[in-house]
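For reference, the structure I am asking about is given below.
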Amino acid sequence: MTVVSAIIPCLAEETAIGPVVTAVLAQNVDEVVVVDGGSKDRTVERAKAAGARVIVEPRRGYGRAILAGIAAVRNDAEIVVFLDGDGSDPAERIPDLVSPIAAGKCVFALGSRVRGAREPGSLSPQQLLAGHAPRLWRRFHRPVAFSCNPLR
């Protein structure tokens, strides 16, 4: 079986986080990591009660929360799914996203669109020149998918 981890960065999502975690776990996700950015409400308590492992990132920012979540996932995680904590991402679509990856029908590779072949117009010149992905990759020792190229 493929190990799937979900990362949910959040800030002040007391009302939504419990149902979001419950919905994600119902999709056969192996772990849910909620990264809290310093909520002053009961977000942390409700995420834990719903079954999530909670990481508190004291520095604010979505990017910092994402990076903290990546660093916290299980070592054997093969697929990492990102969702928002407000319930705007439909958890019931996780199997549609994960199944082709787990079956080997879709390959995720670091920088595949930046460094390798890509569809014309798939990235703007700013994206091509940004060059942040390789630096982020070196900071972490687990796979991070940046794009998907379906196998033909």
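The values are calculated or read from the model by the stated rules, or taken from the named source; none is laboratory data. Since we're looking at a predicted model, the values are computed, not measured. Please note: Cβ atoms are built from the backbone with ideal geometry, for glycine as well, and neighbour counts cover all protein chains shown.
Can you spot a residue in segment 22-41 that is over 25 Å from residue 97 (Cβ atoms), hydroxyl-bearing (Ser, Thr, Tyr) and assigned by TED's automatic domain parsing to the domain that holds residue 90?
Yes, that holds for at least one residue.
On to the next question. Check 84, 89, 96 and return the single one that is farther than 30 Å from residue 42 by Cα, modelled with pLDDT of 90 or more and out of contact with any Ser or Thr (no Cβ under 8 Å at 6 or more places or on another chain).
Step by step, each of 84, 89, 96 is checked, and only 96 is farther than 30 Å from residue 42 by Cα, modelled with pLDDT of 90 or more and out of contact with any Ser or Thr (no Cβ under 8 Å at 6 or more places or on another chain).
How many residues are within 19 Å of residue 36 (Cα to Cα) and among the polar types (S, T, N, Q) if we restrict to segment 62-109?
Total satisfying the criteria: 1.
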